[in-house]
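> To start, I am sharing the structure in question, which I have written as structure tokens.
The values are calculated or read from the model by the stated rules, or taken from the named source; none is laboratory data. Not measured: the values here are computed from a predicted model. Note: ideal-geometry Cβ built from the backbone for every residue, glycine included; neighbour counts use all protein chains shown. Please note that ligands, DNA and RNA were not included when accessible areas were found on the heavy atoms of the full protein model with its side chains. Shrake-Rupley method; radii C 1.70, N 1.55, O 1.52, S 1.80 Å.
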Amino acid sequence: MSAESSPETTPDDEANEPVAVPLLAPADGVPDVVDTPDAVRAAAALLASGHGPLAVDAERASGFRYSQRAYLLQFRRRGAGTVLLDPIPVTGDLAPLAEVINPLEWVLHSADQDLPGLAELGLVPATLYDTELAGRLAGFDRVGLGAIVERTLGLALQKGHGAADWSTRPLPDTWLNYAALDVEVLLELRDAMAEELEQQGKTEWAAQEFAHILTLGPPKPKTDRWRRTSGIHAIKSPRTLAAVRELWSTRDELAAKRDVAPSRVLPDSAIVAAATADPKSARELEQLPVFGGPRQRRSSRLWASALTRARALPTSELPSMAASFDGPPPVNRWARRDPDAAARLAEVRAAMTELSESVSVPVENLLMPDLLRRLVWDWQSPVDPDVDPAELIEARLADGGARPWQRTLVVPVLTKALHPSQVTDG
């Protein structure tokens, strides 16, 4: 049973639940946005005058811009208050801020979303507390910032601007109010989650997870990203796939150059339609939906050239119909490719689900799903009685980055599922 569920819930119980208090504006008001070198130095001095951890958030323009750069930074520290900073005009002037805040513990919600963009600005925490991850470890069913704040602090955060185009200038006052509220109670939330995890005996688990996040660095680029084009499953020939790849690559280069989200340059549906129709000229291309619009007509020769390149490729350079995999095949193919591996996976999944329920931690947080699949796919029980399968599993998981707390929990479970003949004490 999760930490959020209860054995019995009656209508009277629901009626008696406390109503969250709306948090509509920061207690100290919305501060002016820091956007000059002098203001950066003043903000650094202000945060240095505070004490304890630093609440941190960043707003990006995902869905609007190609880059994942931060367009607004929010900080809050006890004794100092809140700072809102526009990094765009002061990107090269943040050293005074970094000197003050980099040695601190940062409190973020879903830290992996914001840390890469902050690192690009030279802002990197010494230690970290991730309230979203803390909620997962605590077994909360809902781990969004608003849901956790409401559950732990009884406050209802303002909604509505998280998916906005934060590259907009000037930023509307309502957006700045929203941004300030994102860090208004983040420090109090950190304390509440720390208490919750302490009561559950999971403080050390969280510490290991937070330290691990700081070792990850920027996400590695995915291979063959063009294969994620929506609607590509309808493509039936390598030549048409090549056309998708050429159009996708052309769009990606154009989007990066303009710093515009690729979908705003050309939608996936238009890429698939053009690849399938294979028009032989820019004029023919313009007869297709989307490409006939005034904005796309300006780039019609660019798209037509991409299609021409695809038609000219020798057969040896055409993409395969199936994506290549670094590791096991998709799980839905295991039964056909290796029935024994599929049977092992079923056993392991059942065992991991049982463990997840017993400790109130999602399976994906008990062990990285990719690492688990690789272990199960490759597993061969040792035939030498002197070889301990638990030690093999422990070593494999350690090499794969599993943290000590995870290995302590899952190694006995995986050993029993993968090597059921193994006799263990207790």
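This table checks each residue for (1) over 25 Å from the mean Cα position of the chain (by Cα); (2) farther than 17 Å from S300 by Cβ; (3) open to solvent by 60 Å² or more (accessible area, probe 1.4 Å).
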{"residue": "I232", "(1), (2), (3)": "no, yes, no"}
{"residue": "I235", "(1), (2), (3)": "yes, yes, no"}
{"residue": "R239", "(1), (2), (3)": "yes, yes, yes"}
{"residue": "L247", "(1), (2), (3)": "yes, no, no"}
{"residue": "T250", "(1), (2), (3)": "yes, no, no"}
{"residue": "K257", "(1), (2), (3)": "no, yes, yes"}
{"residue": "P267", "(1), (2), (3)": "no, no, no"}
{"residue": "A273", "(1), (2), (3)": "yes, no, no"}
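> Looking at region 282-306 only, could you name the residues that are at pLDDT below 90, open to solvent by less than 60 Å² (accessible area, probe 1.4 Å) and over 34 Å from the mean Cα position of the chain (by Cα)?
G292, G293
> Another one. Let me spell it out: the conditions are (1) small (G, A, S); (2) within 20 Å of L54 (Cβ to Cβ); (3) open to solvent by 30 Å² or more (accessible area, probe 1.4 Å), and G201 meets all of them except one. Which number is the exception?
Evaluating G201 over (1) small (G, A, S); (2) within 20 Å of L54 (Cβ to Cβ); (3) open to solvent by 30 Å² or more (accessible area, probe 1.4 Å) leaves (2) as the failure.
A quick yes/no check of all residues on (1) in a helix (DSSP H, G or I); (2) over 28 Å from A70 (Cα atoms):
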| residue | (1), (2) |
| --- | --- |
| V183 | yes, no |
| W205 | yes, yes |
| F210 | yes, no |
| L214 | yes, no |
| K222 | no, no |
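> Next question, about the same structure. Looking at (1) out of contact with any Leu (no Cβ under 7 Å at 6 or more places or on another chain); (2) at pLDDT 95 or above, which is the only condition Q74 fails?
The single condition Q74 does not satisfy is (1).
> Go through the residues of region 336-343 one by one and say whether even a single one is in contact (Cβ under 8 Å) with a residue 24 or more places away in the chain and in a helix (DSSP H, G or I).
Just the residues of region 336-343 that are in contact (Cβ under 8 Å) with a residue 24 or more places away in the chain, to begin with: 338, 341.
Now narrow it down to the ones that are in a helix (DSSP H, G or I): 341.
Scanning region 336-343 turns up at least one residue that is in contact (Cβ under 8 Å) with a residue 24 or more places away in the chain and in a helix (DSSP H, G or I).
> Filter region 382-426 for residues that are surrounded by 14 or more Cβ atoms within 10 Å (Cβ to Cβ), over 26 Å from the mean Cα position of the chain (by Cα) and not in a helix (DSSP H, G or I) and give the result.
D388, H419, Q422
> If you check R349, R309, R333, which single one turns out to be touching an Asp or Glu at 6+ places or on another chain (Cβ under 8 Å), outside any loop (DSSP other than H, G, I, E, B), open to solvent by 30 Å² or more (accessible area, probe 1.4 Å) and among the basic types (K, R)?
Numbers: R349 fails: touching an Asp or Glu at 6+ places or on another chain (Cβ under 8 Å); R333 fails: touching an Asp or Glu at 6+ places or on another chain (Cβ under 8 Å).
Answer to the selection: R309.
> From the list A3, A61, A15, A43, exactly one residue is open to solvent by 50 Å² or more (accessible area, probe 1.4 Å) and either among the small types (G, A, S) or at pLDDT below 95 (or both). Which is it?
Answer to the selection: A15.
> Right, here's the next one. Can you tell which of S356, S316, S320 is of a type in the set (S, T, Y), part of a helix (DSSP H, G or I) and open to solvent by less than 90 Å² (accessible area, probe 1.4 Å)?
Numbers: S316 fails: open to solvent by less than 90 Å² (accessible area, probe 1.4 Å); S320 fails: part of a helix (DSSP H, G or I).
When all the criteria are applied, what remains is S356.
> A follow-up question, please. Out of (1) of a type outside the set (S, T, Y); (2) crowded, with 18+ Cβ neighbours inside 10 Å; (3) part of a helix (DSSP H, G or I), what's the single condition that is false for P328?
Unmet condition: (3).
> Another question, then. If a residue must be of a type in the set (G, A, S) and within 30 Å of P314 (Cα to Cα), how many such residues does region 188-239 contain?
Of the residues in region 188-239, 4 are of a type in the set (G, A, S) and within 30 Å of P314 (Cα to Cα).
> Please verify whether D114 is open to solvent by 20 Å² or more (accessible area, probe 1.4 Å), closer than 19 Å to D86 by Cβ and of a type in the set (D, E), treating the condition exactly as stated.
On the way: open to solvent by 20 Å² or more (accessible area, probe 1.4 Å): no; closer than 19 Å to D86 by Cβ: yes; of a type in the set (D, E): yes.
Here the answer is no, as D114 does not meet what is asked.
> Please go through region 147-169 and give me each residue that is open to solvent by less than 30 Å² (accessible area, probe 1.4 Å) and either assigned to a loop (DSSP other than H, G, I, E, B) or not hydrophobic (A, V, I, L, M, F, W, C) (or both), ordered by number.
Across region 147-169, the qualifying residues are G154, A164, W166, S167.
> (1) of a type outside the set (F, W, Y); (2) open to solvent by less than 60 Å² (accessible area, probe 1.4 Å); (3) within 30 Å of L313 (Cα to Cα); (4) over 24 Å from the mean Cα position of the chain (by Cα): which one isn't true of P172, the others all being true?
(3)
> Let me ask something else about it. Could you check region 125-146 and list, in sequence order, the residues that are surrounded by 16 or more Cβ atoms within 10 Å (Cβ to Cβ) and among the aliphatic types (A, V, I, L, M)?
L128, L133, A134, L137, A138, V143, L145
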